[in-house]
Structure formats: structure tokens, C-alpha cells
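Colleague: Before we start, here is the structure in question, set down as C-alpha cells.
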Amino acid sequence: MKKLFVSIVVSAACLSFNANAALESAKKVKFVGDTEFAGFCKAAINNDVNTLKRAIERQVGVLASSKQRVLDIVLDEKNVSCAGKGLAEFSATRQATDVVNFIQAKISQ
């Protein structure tokens, strides 16, 4: 399978963790590389499970035949990375608790 890399550069040095700061930091993100998969990183940046679900659904039939298999592929850091980290690790460092909880729930199924 073709390796997919999505790299993002976050230019904000200090972020507070309130909703307003999260919205502001999302505006300071630059997507580099294969932006077809940027939705996965964007979901972590915004802590938005619906964005993650839509990104997964868009790849059904492209990467794999099911949502679960797409998620499995995307969670492999060799396939998709955000700022050099795997999606799960990147979500955790961004304190995207909703996305992390969704990923953990899907992994345990």
C-alpha cells in the first residue's frame, strides 16, 4: 500500500486550552504533503469527532472496504502522521479528548 504522509506544522508557541484558543490555534495550522488526508489531523486539532468520522467515511472504498479497517490503516504512523506523530499520539498531545476517546472505543471493538 502506498505510504501516506500528512505533516502539519503548528506555529503557535503557547496555547491556552479554552475553546477560544483552540479555534485560534486551528487557524495557525499549515498542512503540508498529501492534504487528501489532512482531515484526520484537523479532527485532532479541533477535537472534533464528527470531522474524524467524515474523514474516515471519505476513505471507505479508497483505503479499505470498511470504516474500521480505514481507521486501523490511518492509526498506523507509517501511513498517516500529523506533525511527525501518529494520529492517536498527536490527538493525545493536542489534548483532543473526544477524538482520543473515540479512537480508543473503536480499537477495543
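The values are calculated or read from the model by the stated rules, or taken from the named source; none is laboratory data. As the structure is a computational prediction, the values presented were derived from the model and not from experiment. Quick note on the areas: whole protein, heavy atoms, side chains included, nothing else; ligands and nucleic acids left out. Shrake-Rupley method; radii C 1.70, N 1.55, O 1.52, S 1.80 Å.
Colleague: Heavy-atom accessible area of residue 108 with all protein chains present, probe 1.4 Å, nearest 10 Å²?
Modeller: Around 100 Å² of this residue is reachable by solvent.
Colleague: Related question: Would you please state the base-10 log of I(q)/I(0) at q = 0.17, 0.23, 0.28 1/Å for the range 50-109, with intensities from the Debye formula using one equal scatterer on every alpha carbon?
Modeller: Those come out to -0.52, -0.97, -1.33, one per q.
Colleague: Tell me, in nm to one decimal, what length is gained between residue 93 and residue 60 on full extension, where the rule is 0.36 nm per residue of separation less the Cα-Cα distance?
Modeller: The span from residue 93 to residue 60 would gain 9.2 nm if fully extended.
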